[in-house]
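Just below is one structure, and these are the notes that go with it.
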């Protein structure tokens with residue numbers, strides 16, 4: 001009953017608020033009741049991470065797999081609860097996406113033109129791409145091309161699984177189209193003299209700022225083209241070349257693409273609940289060795305200022321990492337570093353809290369700490385990799401170091417900006433330009449001082465993904481060169497939800513047989 005109540009409260013918090021999400025609970029299939037604008041608003045409203053998604057998948061699986069954190073105990077084995085939430089969120093949203101596509105056709109049947117729709121169609125393609133890439137990179141092959149079309153006919157009720165390769169290439173083509181079609185000048189009209197269709201303020205992400213949508217589209221193109229470059233360089237490299245050489249609009253420093261609770265009008269209670277109830281995540285030795293190579297408990301050996309944003313000392317005010325490879329007899333950890341008692345007595349984390357927890361302010365805030373879609377730093381690190389490897393551009397170590405250094409600066413400013421602008425964070429931490437430059441040129445960090453090794457770039461990208469464990473998981477799977485202790489990663493995907501074997505049995509059986517079973521060690525298509 002507790003879980004049911006939490007689910008009800010969660011749904012109410014997402015879909016019952018008055019600001020921005022007004023009409024999303026209306027019937028999505030009745031044009032007289034729900035507009036395209038409201039349906040699109042609902043698609044944007046599906047972006048915040050689910051409670052169980054974070055609890056059972058991110059905190060229990062992906063932080064451990066990526067080694068951005070360390071698990072003190074494997075106490076929550078029912079990953080299927082989080083998998084169900086991810087799967088159901090995506091396919092419920094995909095139904096609304098298909099309905100908006102149908103409304104586009106109705107608009108044209110009533111005298112509108114395709115040209116009038118080009119901005120809103122591009123927006124829909126971009127947000128569909130973001131959500132679908134997220135899904136396929138967790139599961140591999142998934143139903144996509146025929147999925148969400150149940151209202152169109154019985155033949156779509158049990159969609160077949162599409163290959164990850166076909167999904168990737170289709171989405172990348174959609175993003176290319178979107179970038180080419182978007183009109184950023186709000187005063188331009190269609191050739192028939194009518195204004196371009198706009199979702200206006202129902203676009204709660206960018207308020208129909210089309211330049212921001214172009215930046216989003218190209219940042220996604222760069223991310224996913226690089227992700228598949230090892231598998232199909234002939235397809236991916238021209239995309240990377242086009243974006244960098246033609247200087248396509250990209251996410252820039254200070255313009256990170258995030259889901260802001262305050263801006264979108266919802267209370268982000270899920271993250272604190274996840275950490276408070278899960279309890280078992282701590283700073284691990286892997287990330288600590290990067291943040292503080294000297295491993296001093298008093299924190300004097302910390303070289304990366306982001307350490308003070310990501311983590312905090314244990315109850316005895318010591319910086320003590322939990323081993324990512326704990327051995328046969330794991331150390332015992334306790335306390336309540338994420339408990340609500342800290343709202344009253346901030347310094348008390350429980351006497352048995354022996355290892356450094358994640359920053360309480362970072363996970364406690366409900367209004368100002370955003371959920372991240374893509375950062376400017378990630379874009380810079382992708383460009384640095386392109387120049388260092390000569391992918392889509394001439395190989396250039398000097399330019400690689402420029403992009404890499406800009407990425408570190410963007411990451412520092414982004415993370416400290418979050419802390420400085422979070423209402424509950426006291427005292428407000430600050431980072432100086434001197435500290436940033438000192439870190440960039442530190443012998444353990446400098447790209448040139450480290451012999452222009454790719455691992456140096458991957459380490460910084462991995463750090464910037466601290467609250468995107470799914471992206472760090474993808475980077476670890478793609479490269480095999482992110483910081484890691486112990487055996488190589490052998491956990492590559494989530495299992496399909498149990499419901500698929502019941503409600504889509506024939507297609508599920510064919511898919512799992514093709515894979516040799518619904519196993520976690522089945523690689524993504526883009527992995528070597």
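The values are calculated or read from the model by the stated rules, or taken from the named source; none is laboratory data. Since this is a predicted model, take the numbers as computed values, not measurements. Counting neighbours? That spans all protein chains shown, and the Cβs are built from the backbone with ideal geometry, glycine included.
Below are the figures for this structure:
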| read-out | value |
| --- | --- |
| Residue 466, sole failed condition from (1) within 24 Å of residue 360 (Cα to Cα); (2) part of a helix (DSSP H, G or I) | (2) |
| Sole exception among (1) in a loop (DSSP other than H, G, I, E, B); (2) within 27 Å of the chain's Cα centre (by Cα); (3) crowded, with 19+ Cβ neighbours inside 10 Å; (4) in contact (Cβ under 8 Å) with a residue 60 or more places away in the chain for residue 309, by number | (1) |
| Every residue from region 486-507 that is surrounded by 14 or more Cβ atoms within 10 Å (Cβ to Cβ) and not in a helix (DSSP H, G or I) | 489, 491, 492, 493, 494, 495, 496, 497, 504 |
| From 384, 434, 410, residue being out of contact with any helix residue (DSSP H, G or I) (no Cβ under 9 Å at 6 or more places or on another chain), assigned to a helix (DSSP H, G or I), modelled with pLDDT of 95 or more and under 21 Å from residue 290 (Cα atoms) | 434 |
| Looking only at region 508-528, and only at residues there that are in a loop (DSSP other than H, G, I, E, B) and without any contact (Cβ under 8 Å) to a residue 40 or more places away in the chain, the one that is surrounded by the fewest Cβ atoms within 10 Å (Cβ to Cβ) | 516 |
| Qualifying residue in region 268-276 (condition: surrounded by fewer than 20 Cβ atoms within 10 Å (Cβ to Cβ) and over 30 Å from residue 202 (Cα atoms)) | yes |
| Residue count, region 71-85 (criterion: over 17 Å from residue 496 (Cβ atoms), surrounded by 17 or more Cβ atoms within 10 Å (Cβ to Cβ) and touching a helix residue (DSSP H, G or I) at 6+ places or on another chain (Cβ under 9 Å)) | 2 |
| Matching residues, region 476-485, being in contact (Cβ under 8 Å) with a residue 24 or more places away in the chain and either in a loop (DSSP other than H, G, I, E, B) or closer than 23 Å to residue 292 by Cα (or both) | 476, 481, 482, 483, 484, 485 |
| Candidate set: region 175-207, residues that are crowded, with 20+ Cβ neighbours inside 10 Å and without any contact (Cβ under 8 Å) to a residue 60 or more places away in the chain; chosen: the one farthest from the chain's Cα centre (by Cα) | 178 |
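So that you can scan it fast, the table gives a plain yes or no per residue for (1) in contact (Cβ under 8 Å) with a residue 12 or more places away in the chain; (2) surrounded by fewer than 16 Cβ atoms within 10 Å (Cβ to Cβ); (3) in contact with a strand residue (DSSP E or B) (Cβ under 7 Å, 6 or more places away or on another chain); (4) closer than 27 Å to residue 365 by Cα:
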| position | (1), (2), (3), (4) |
| --- | --- |
| 231 | yes, no, no, no |
| 280 | yes, no, yes, yes |
| 284 | yes, no, yes, yes |
| 287 | yes, no, no, yes |
| 296 | yes, yes, no, no |
| 313 | yes, no, no, yes |
